[in-house]
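Heads up, the thing below is written out as structure tokens.
The values are calculated or read from the model by the stated rules, or taken from the named source; none is laboratory data. Here the structure is a predicted model, which means the values were calculated and not measured. In this analysis, Cβ positions are derived from the backbone assuming ideal geometry, glycine residues included, and neighbour counts consider all displayed protein chains.
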2 protein chains.
Amino acid sequence: MSVVGYSHRPATRVKARALAIATEIADDLPSALANADLVILATPIFTFEQYFADINGLIRTDCIVTDVGSTKLLPHRWAGERLTRGAPYVGSHPIAGSEQRGVEFARDDLFVDARCILTATETTSGQAVRALKRFWSALGCFIEVMTPTEHDRVLANVSHLPHVLAAGLVNASDAGDMKSAGKGFLDSTRIASGPANVWTDVLLANTDNLVEGIDRVIAELAAIRQALKAEDRQTIDAFLDGACRKRAALVKYKIRKKELLS
Amino acid sequence: MSVVGYSHRPATRVKARALAIATEIADDLPSALANADLVILATPIFTFEQYFADINGLIRTDCIVTDVGSTKLLPHRWAGERLTRGAPYVGSHPIAGSEQRGVEFARDDLFVDARCILTATETTSGQAVRALKRFWSALGCFIEVMTPTEHDRVLANVSHLPHVLAAGLVNASDAGDMKSAGKGFLDSTRIASGPANVWTDVLLANTDNLVEGIDRVIAELAAIRQALKAEDRQTIDAFLDGACRKRAALVKYKIRKKELLS
């Protein structure tokens, strides 16, 4: 099997070659795609439309196209519009990675015991979905299949909204005060260190779901604000205790699924 | 040197004895405090007033009293009112620990390279502050001294507000959706697993600063909400990029202070 890497940045290609990150690093799309069985886009979401158009004439019509972007509705739409020669598209979203960016942070075991969501619509090729299940499973993932609509709603809530909150908290914090921060602050804002340009695309590709999530969080904050003003111990305790129990159930589930160590 | 532990819960005393967590575990306050040089309260904040009253007649007048509570204005006030026989009080806030609770999570190295804030007012004994500097330094901490007012303002922003946000995010999240959460969601909500009753006291002891912090976060969320509605890429990018850079500066500072590994 041959794994061919391509980046539009020459410096990234140099680094990728030095790190032997793939079997081969190509210098242009046509040579990267020649005879490919599977193409994986891993660029900011709003670049996908052009990439689909660019690769459309460069790949075999049975070459499977996927991506590892964080939203799926727009990629499915763009793939439908731009992959006009029949190459099947399936969305992939391995829930793995960190706030770090660049080929130098690549890891062999990144996908071991990670969840990977595949997205498919009524028109998606079942054969391509099965092929991608095998692909991600071989890397160590366990697979869930969702519609792009469901994916974007769920991911808004568990990923894009937390990102907005983390960035909002950092923005709302005084730089001097932050020096006194402990591990709690650092952990709860870690994701805000993710690359801004990648995340701008994610947020822009999921605005409706995000606005709903922000409204839910603002409602929670307004409620606890009122309870604090009223020194309403019972409401504050219920707010904290409810969150504590709900998160405990989540941690238990994640340990059972081996996504977390016990 | 003798370290005497006391808990009002018999079960905790049994566990602490089994774990040999201290030189001695006492079964009541008078025997715990007999001839103590230093008393450290580590209970929910709103229990301090009664403890100060209870220990007032049980300790030598040169015995230093401190606590490891997360707010300091109320403890200083209560100490002033209840330690009527002259024992000096200084607030201590070692910025260490986790969301775990109980003597079984005690660790020898918990305070190594941790920040410890001491709080003092105009009337606080300089000798007691110096003694506590030596005490926490010996455990591995580096020391900052603040007024209780400054402490509570700063800690509202870097600890109590993040706690409210983490709990608010969990409360705003659907339990089914949360199953798709990755490490980002888990990290950014970890502190929401802290013991609710302890945190209810913290929030209730710092309501004014917290309400101001909540208002700042709501303003940030309202701004990003508007930018998302307007699909205003420039504003969204500035929001994310600003947070990313500000947090990078914080991480750099924390690595320099050895609070984080590089």
query: Just one of B:Ser188, B:Ser159, B:Ser193 is in contact (Cβ under 8 Å) with a residue 24 or more places away in the chain, within 7 Å of chain A (Cβ to nearest Cβ) and in contact with a Ser or Thr (Cβ under 8 Å, 6 or more places away or on another chain); which is it?
result: B:Ser159
statement: Filter region B:77-104 for residues that are of a type in the set (Ser, Thr, Tyr) and at pLDDT 95 or above; the one that is surrounded by the most Cβ atoms within 10 Å (Cβ to Cβ) is B:Tyr89
task: Determine whether region B:106-119 contains at least one residue that is at pLDDT 95 or above, more than 16 Å from the chain's Cα centre (by Cα) and more than 14 Å from chain A (Cβ to nearest Cβ).
output: no
task: Considering only region B:95-114, state which residues are in contact with an Asp or Glu (Cβ under 9 Å, 6 or more places away or on another chain) and part of a helix (DSSP H, G or I).
output: none
- prompt: How many residues does region A:228-243 contain that are facing chain B (nearest Cβ under 7 Å) and either crowded, with 19+ Cβ neighbours inside 10 Å or among the hydroxyl-bearing types (Ser, Thr, Tyr) (or both)?
  reply: 5
field: Residue ID - farthest from B:Val154 (Cα to Cα), chosen from residues in region A:115-173 that are among the hydroxyl-bearing types (Ser, Thr, Tyr) and in contact with a strand residue (DSSP E or B) (Cβ under 7 Å, 6 or more places away or on another chain)
entry: A:Ser137
query: Would you say B:Ile95 is within 13 Å of the chain's Cα centre (by Cα) and farther than 30 Å from A:Val251 by Cα?
result: no
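Condition check ((1) under 27 Å from A:Pro10 (Cβ atoms); (2) touching a Phe, Trp or Tyr at 6+ places or on another chain (Cβ under 9 Å)) across all residues:
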residue: A:Phe46; (1), (2): yes, no
residue: A:Glu49; (1), (2): yes, yes
residue: A:Phe52; (1), (2): yes, yes
residue: A:Arg60; (1), (2): no, no
residue: A:Val65; (1), (2): yes, yes
residue: A:Arg85; (1), (2): no, no
field: Complete set of residues in region B:67-79 that are in contact with a Phe, Trp or Tyr (Cβ under 8 Å, 6 or more places away or on another chain) and part of a loop (DSSP other than H, G, I, E, B)
entry: B:Gly69
- request: Residues that are touching a helix residue (DSSP H, G or I) at 6+ places or on another chain (Cβ under 8 Å): find the helices (runs of 4 or more DSSP H) completely inside region B:120-219 holding 1 or more of those.
  value: B:148-155, B:161-171, B:175-178, B:183-189, B:196-204
- request: Would you confirm whether any residue within region B:58-65 is in contact (Cβ under 8 Å) with a residue 12 or more places away in the chain, in contact with a His (Cβ under 9 Å, 6 or more places away or on another chain) and over 23 Å from B:Leu204 (Cα atoms)?
  value: no
- request: Report yes if some residue within region B:120-131 is modelled with pLDDT under 95 and crowded, with 16+ Cβ neighbours inside 10 Å; otherwise report no.
  value: no
message: Kindly evaluate B:Lys183 against the criterion of being within 30 Å of B:Thr235 (Cβ to Cβ) and more than 7 Å from every other protein chain (Cβ to nearest Cβ).
response: yes
query: Has region A:204-227 got at least one residue that is over 23 Å from A:Ile45 (Cβ atoms), touching a residue at least 12 places away in the same chain (Cβ under 8 Å) and surrounded by fewer than 18 Cβ atoms within 10 Å (Cβ to Cβ)?
result: yes
- line: Of the candidates A:Ile25, A:Ile64, A:Ile40, the one satisfying the condition of being buried (at least 16 other Cβ atoms within 10 Å of the Cβ), of a type in the set (A, V, I, L, M, F, W, C), under 25 Å from A:Gln127 (Cα atoms) and modelled with pLDDT of 95 or more is A:Ile64
Qualifying positions in region A:23-59 - assigned to a loop (DSSP other than H, G, I, E, B) and within 22 Å of the chain's Cα centre (by Cα): A:Ala42, A:Thr43, A:Pro44
query: What are the residues in region B:74-94 that are in contact (Cβ under 8 Å) with a residue 60 or more places away in the chain and in contact with an Asp or Glu (Cβ under 9 Å, 6 or more places away or on another chain), if any?
result: B:Leu74, B:Pro75, B:Gly91, B:His93
